[in-house]
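First comes the structure, then the notes that go with it.
The values are calculated or read from the model by the stated rules, or taken from the named source; none is laboratory data. From a predicted model like this one, the values you see are computed outputs, not experimental measurements. Cβ placement follows ideal geometry from the backbone for every residue including glycine, while neighbour counts extend to all protein chains displayed. Calculation scope for accessible area: heavy atoms of the full protein, side chains included, ligands and nucleic acids excluded. Shrake-Rupley method; radii C 1.70, N 1.55, O 1.52, S 1.80 Å.
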Amino acid sequence: MAFNLELASQTLSRSHSLTIFAPTDFAFSQIPHLPLSLLRYHLLPHAFSLHSLTSLPFGASIPTLLPSHSLTVTTDHRHRHRHHIRLSINNVTVNPSPVYNDGTIVIFAIDNFFDPYFELPAKSVIRTETNAKSSSEIIADLAACLSARKNEMKWSFGETSSVMRSRGFSVMASFLDMQFLGNEDRPKLTLFAPIDEVMATHALNVSDYSSILRQHIVPCRIAWSDLVNLEDETLIWTYERGFTVSVTKSSNEMLLINGVAVIFPELYFSDWLVVHGVQDVLSVAKGAPDSPSQNVTVEHKDGKEFQLGEEINIPAQHYHFSVFH
């Protein structure tokens, strides 16, 4: 859940406070292609304490970040015991001990995803464990939810990952599969994909997945013909903050990215995405400065100057940037 939240952070609505219901890693493994809409269904636009949630009556609706979709309180208050706190939402048991709570963000653990099609019976009969939905039924409902929303999605990495798998880059393909399907205009991207043999030794911890992926994605589309014509030691920023890739050539004219050979140019090519296969995982470029000293001058009436890599908040005005190396 932490990995998916990090990937989706730029596309989620911003809230001053948030409640997150986090399914386990096993629950995520049952849904290979997680739509962003399902993630929003597990986020509340306010920080709810355990006391607030357990005080809600049976059948109460809680609005989520998914428009027009609410969660339903299914806690059976008839068997409440002051020494045993129980919380149930959409017939999924919520661990009453928050994983995290700083007053602004509250995170509760759950074993399964909430069913987006959940509805109380017409007579509002409280479900018991014997007639609650099974895991297979929940997964089937989630699959139906995804299928129903396919027409809303403009793009995905499905075709790209299929090609990559067929050519020995299945680990990075799996990383792409975990990205959220887009319903905005697709970006221009270049991915440097290491071969499976080296990824098997680097992608050991789930917590490392997002940074590994960001270090290998450049926020522009660079075809092979453009890549080989770049000046030696050209630095290109990636999606990982502060991480650049350096384009050089070896003595035998082999193209290197941070010293790693490109062994499969344009293993995938489209009008918005290019994938180049590389021999190893990209690490920090040799000779790259730890603290960049180059200046970026913003030609604006205020004459402001910034350090390379510094984040700049730009209001709705026209700016012209000149980068000096």
Per 0.36 nm of contour for each residue apart, how much would the distance between THR201 and SER52 grow if the chain were fully extended, relative to their Cα-Cα spacing? 49.1 nm
Sorting ARG186, ARG221 on solvent-accessible surface, 1.4 Å probe, most exposed first, gives ARG186, ARG221
For SER97 paired with SER61, estimate the spin-label separation in nm (one decimal), with each label point 7 Å from Cα along the Cα-to-Cβ line. 3.5 nm
Projected label distance in nm at SER70 and SER174, using a 7 Å step from Cα toward the beta-carbon: 4.0 nm
What distance in nm separates the simple spin-label points at GLU233 and ALA2, each placed 7 Å from Cα in the Cβ direction? 3.8 nm
How far, in nm, would the chain grow between ARG165 and VAL284 when pulled straight, counting 0.36 nm per residue and subtracting the alpha carbon separation? 40.2 nm
Calculate the FRET efficiency for SER17 and SER251 from the Cβ-Cβ distance with a Förster distance of 51 Å, rounded to the nearest 0.05. 0.35
